[in-house]
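Below is one structure, written out as structure tokens, with a few remarks after it.
Read-outs: derived from the displayed coordinates by stated rules, not from any lab. Note that the structure is a prediction, hence the values are computed from the model and not measured. In this analysis, Cβ positions are derived from the backbone assuming ideal geometry, glycine residues included, and neighbour counts consider all displayed protein chains.
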Amino acid sequence: MSVVKAVCERRDGRRLVYTGVDEGGELRDCAACGSEVAVDPQADAVLHVERE
């Protein structure tokens, strides 16, 4: 399990920390804005998922 630190640009750059992230990555809810995010510990990145 990994820790990934990120910033939510949708909420004025609020800093977030995701703990216990699976090594293969996972989908979670953004704690700042409530949107779905993809958390990737290998890339140390968090990206908002856009739905169509």
**Asked** Is the stretch 2-24 home to any residue that is outside any strand (DSSP E or B) and within 10 Å of the chain's Cα centre (by Cα)?
**Response** no
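Given the criteria in a loop (DSSP other than H, G, I, E, B) and free of Cβ contacts under 8 Å to residues at least 12 places away in the same chain, does Ala43 qualify?
Working: in a loop (DSSP other than H, G, I, E, B): yes; free of Cβ contacts under 8 Å to residues at least 12 places away in the same chain: yes.
Against the criterion (in a loop (DSSP other than H, G, I, E, B) and free of Cβ contacts under 8 Å to residues at least 12 places away in the same chain), Ala43 qualifies.
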**Item:** Sole exception among (1) part of a strand (DSSP E or B); (2) surrounded by 11 or more Cβ atoms within 10 Å (Cβ to Cβ); (3) among the hydrophobic types (A, V, I, L, M, F, W, C) for Leu27, by number
**Value:** (2)
